[in-house]
Amino acid sequence: MKQEEVEGGGLYNDAKLEETAAVTERIGVDAGVANPTLILNLNFIRERDYAVAIMQGYNDWLVAELDQYDNMVGNLVVAPQDPHRSAEEINRLADEQDIAGVQLLGTALVPPAGHASYDPIYEAAESNDLPISMHTSGAGMKPFPEQSFWAETYAEDHVTQHPFAHMANASSLLLNGVPERFPDLTFVFQEAGVGYVPYLLGRLDTAYHEFPSEIPALSKPPSEYVSDTFYWCTQPLGHTAQTPRHLAWLIELIGPENLMFAADAPHPDFDTPEELFDRVRAYFSADEVNAMMGTNAMDVYDIV
């Protein structure tokens, strides 16, 4: 994969920055955005001060580590247990040159992301021109508790929890009018693939037209807000080599302008740039391919 074909974007998810940076270089990606792994479980902590302390410690570590790498920036983490101190944390670190966004952890986010209690976080992110990234873990939000607690393996949870948690949080954000209250705020959804997105958008628009009295906060269908300020990360793409046109159909429904190539390196299931590039290059223009492979991420995260 040539460097110019990647256009220097990509999203990465691991705290092992040295390993991540090495994999990034090896697979031909010029720059990446570092996101957390084990701290994805921060939302399970009940003690507010403890959660805030972990948030601050992680962010200080992240800033110090990123100083060592020229090809990576990162998302600071916030503790939803205390939205006001999380907003202070955003303001404290927003001017750090290696901080590119805010990670609001989607795993076990209770209440879900559209609740007004998180408005201080969104206000601080918007005022500092930082996007909100959302990531979940494989055994996370438990949208359907009774069924989920009967899962006998991590694999069962992993299949459902990533997309279901994103669907719940995205629905909460949109139907509770967060894009109306914060029109300049961008959201990025990570590590659930993109297969669920057209289904979700269709359901959201149906709800908007079917239950207008329950959704007074919106002045237009949810999909129109999504096209303006929501981005979806491609990893994991799954097994698409035999049916690239099916992936192309999905992308047409979502819009290439709202997709970001994501690698998830150095996790064992990471995607190389070829996993997306080789599938879509025959179906989209060079500008659209470049947008998915990098320029969308470069614009959202202000990567230069």
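Mean separation of Cα pairs under 8 Å and 6+ residues apart, divided by the residue count of region 26-114: what relative contact order is that in percent?
Reported as a whole number, the value is 35 percent.
Over the alpha-carbon set of region 61-117, work out the extent along each principal axis and list the three values in angstrom, largest first.
The Cα atoms of region 61-117 stretch 37, 21, 16 Å along the principal axes, largest first.
Which helices of the chain meet both criteria: a Cα extent of 20 Å or more along the helical axis and a mean Kyte-Doolittle score no lower than 0.5, with helices taken as whole DSSP H segments?
none
Each label point is 7 Å from the Cα along the Cα-to-Cβ direction; what then is the distance between the points at ASP95 and VAL110, in nm?
3.9
What order do you get for VAL110, VAL63 when you list them from fewest to most C-beta neighbours inside 10 Å?
Listed from fewest to most nearby Cβ atoms, that is VAL110, VAL63.
If you take the Cα Rg of the chain and divide it by 2.2 N^0.38 Å, with N the number of residues, what do you get?
0.94
Residue by residue through region 291-296, what is 3J(HN,Hα) from phi via Karplus (6.51 cos²θ - 1.76 cosθ + 1.60, θ = phi - 60°)? Round to whole Hz and write x for glycine and proline.
4, 5, 6, x, 5, 4
Would you list VAL29, VAL78 from fewest to most Cβ contacts within 10 Å?
VAL29, VAL78
Would you mind checking which residues have amide H under 5 Å from GLY32's amide H? H placed 1.01 Å from N; only 5 or more apart, or other chain.
MET72, VAL73
Given charges of +1 on the Cβ of Lys and Arg and -1 on the Cβ of Asp and Glu, with all other atoms neutral, how large is the dipole of the chain about its Cα centre, in debye to the nearest 20?
So the dipole magnitude of the chain works out to roughly 840 debye.
Can you give the relative contact order of the chain as a percent, counting alpha carbon pairs under 8 Å and 6+ residues apart?
20 percent.
Using the per-residue mean of other Cβ atoms lying within 10 Å as a proxy for protection, in what order, highest first, do the peptides 119-132, 49-62 fall?
Ranked from most to least packed, the peptides come out as 119-132, 49-62.
Select from VAL280, VAL178, LEU104 the residue farthest towards the positive end of the dipole of region 3-300; place +1 on Cβ of Lys and Arg, -1 on Cβ of Asp and Glu, and compute about the Cα centre.
The one lying farthest along the dipole's positive direction is VAL178.
Throughout, read-outs are computed from the coordinates displayed, never taken from laboratory work. Just so it is clear, the structure is predicted and the values come from calculations on it, not from any experiment. Methodologically, a virtual Cβ is constructed for each residue, glycine included, from the backbone with ideal geometry; neighbour enumeration extends over all protein chains shown.
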